[in-house]
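Peer 1: Shown below is the structure under consideration.
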Amino acid sequence: MVVSARSLEEIEAVASELRDAGHSAWAVGCDVTSDDQVAELTRRSREHLGQVDILVNNAGIAASSPLKRVRREDWERIFAVNVTGTFLCTQAFLPSMVENQWGRVVNIASIAGLCGAAYISAYSASKHAVVGFTRCLAAEVAASGVTVNAVCPGYVETEMVRQSVTNIVHKTSLSENEARNNIVKMNPQGRILEADEVAYQVLSLCDPRARGINGQMIVLDGGGLLA
């Protein structure tokens, strides 16, 4: 397994944890918005793994602000990471999957890619783009033995959510507990999702027995978005 992110120190820790658990794992630093770095990630992944059969596009950033305060550079940065990064990595790894007639691409989108909410126009638009990309690519490769799906979580207990809480506290008169409670209320189960729940859904989609699931958006939000 190859794990990749901009912070080499953090992914080295992840790779080390995986190795301690008995897995083969390598850390490769990469900024997914860079053509050159994605090309290097592709080269080194094949060097370590040979054929790459599974790609999980998990890199993402978020921001919240009224539209009038959204700067163009913020908008473009969100799209560069969330959309262009997904495109570049998929374009790099998909051809060999198609040639091998087996593969799995799983994009981490968001319920914000299926519905809207105030103050997240840039983030929501980027995740809508990921959803559209997923659906189109799934149709494109449907007969190849490759599937392309997306997991669409609500709020997950990650650094991104912790930053969201901090942002709410700074911009309102709410305390940290009140800000977290507002997020919790968005899930009918009255909780914030755990990262393991998202990982489980990703692994499920990568199972060979999941070959009939293609072009789907798997929603994880405790029942808030009833489709």
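Peer 1: Out of everything in the range 207-226 that is aliphatic (A, V, I, L, M) and over 28 Å from M97 (Cβ atoms), what residue ends up being least open to solvent (accessible area, probe 1.4 Å)?
Peer 2: L225
Peer 1: Residues that are touching an Asp or Glu at 6+ places or on another chain (Cβ under 9 Å), within 18 Å of I183 (Cβ to Cβ) and of a type in the set (F, W, Y): does the range 143-158 have at least one?
Peer 2: There is at least one residue in the range 143-158 that is touching an Asp or Glu at 6+ places or on another chain (Cβ under 9 Å), within 18 Å of I183 (Cβ to Cβ) and of a type in the set (F, W, Y).
Conditions tested, residue by residue: (1) in a loop (DSSP other than H, G, I, E, B); (2) not aliphatic (A, V, I, L, M).
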site	(1), (2)
H170	no, yes
N181	no, yes
G190	yes, yes
D196	no, yes
A199	no, no
L203	no, no
G215	yes, yes
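Peer 1: Quick one: count up the residues across the range 94-140 that are assigned to a loop (DSSP other than H, G, I, E, B) and either surrounded by fewer than 19 Cβ atoms within 10 Å (Cβ to Cβ) or touching a Cys at 6+ places or on another chain (Cβ under 9 Å) (or both).
Peer 2: Counting residues in the range 94-140 that are assigned to a loop (DSSP other than H, G, I, E, B) and either surrounded by fewer than 19 Cβ atoms within 10 Å (Cβ to Cβ) or touching a Cys at 6+ places or on another chain (Cβ under 9 Å) (or both) gives 10.
Peer 1: Restricting the search to the range 69-93, which residues are modelled with pLDDT of 95 or more and either open to solvent by 70 Å² or more (accessible area, probe 1.4 Å) or among the basic types (K, R) (or both)?
Peer 2: R71, R72, E73, W75, E76, R77, F87, Q91
Peer 1: Here is a follow-up. Out of the residues in the range 166-202 that are touching a Leu at 6+ places or on another chain (Cβ under 9 Å) and aliphatic (A, V, I, L, M), state the one that is nearest to N58 (Cα to Cα).
Peer 2: Looking at the filtered set, the residue picked out is V198.
Peer 1: Taking A63, is it at pLDDT below 95, in contact with a helix residue (DSSP H, G or I) (Cβ under 8 Å, 6 or more places away or on another chain) and open to solvent by less than 70 Å² (accessible area, probe 1.4 Å)?
Peer 2: For A63, the condition - at pLDDT below 95, in contact with a helix residue (DSSP H, G or I) (Cβ under 8 Å, 6 or more places away or on another chain) and open to solvent by less than 70 Å² (accessible area, probe 1.4 Å) - is met.
Peer 1: Turning to a different aspect of this structure: Of the residues that make up the range 21-38, is at least one touching a Cys at 6+ places or on another chain (Cβ under 9 Å), among the polar types (S, T, N, Q) and in a helix (DSSP H, G or I)?
Peer 2: yes
Peer 1: While we're looking at this one, here's another question. Under 7 Å between Cβ atoms, which residue pairs at least 6 apart in sequence (or on different chains) link something in the range 23-51 that is under 15 Å from L94 (Cβ atoms) and open to solvent by less than 80 Å² (accessible area, probe 1.4 Å) with a partner that is assigned to a helix (DSSP H, G or I) and hydroxyl-bearing (S, T, Y)?
Peer 2: Partner pairs satisfying both residue conditions: Q51/S96.
Peer 1: Something else now. Looking only at the range 185-201, count how many residues are of a type in the set (D, E, K, R) and either touching a residue at least 24 places away in the same chain (Cβ under 8 Å) or open to solvent by less than 100 Å² (accessible area, probe 1.4 Å) (or both).
Peer 2: 3
Peer 1: Check V151 against each of (1) part of a loop (DSSP other than H, G, I, E, B); (2) surrounded by 15 or more Cβ atoms within 10 Å (Cβ to Cβ) and name the one condition it does not meet.
Peer 2: That leaves (1) as the condition not met.
Peer 1: Regarding S204, is this residue of a type outside the set (K, R) and open to solvent by less than 80 Å² (accessible area, probe 1.4 Å)?
Peer 2: yes
Peer 1: Out of the residues in the range 2-13 that are loosely packed, with under 15 Cβ neighbours inside 10 Å and aliphatic (A, V, I, L, M), state the one that is nearest to T86 (Cα to Cα).
Peer 2: L8
The values are calculated or read from the model by the stated rules, or taken from the named source; none is laboratory data. Since the model is a prediction, treat every value here as computed from it, not as a measurement. Cβ: placed from backbone, ideal geometry, glycine included. Neighbour counts: every protein chain shown. For the accessible areas, the whole protein counts, side chains as well, though only heavy atoms, and no ligand, DNA or RNA atoms are used. Shrake-Rupley method; radii C 1.70, N 1.55, O 1.52, S 1.80 Å.
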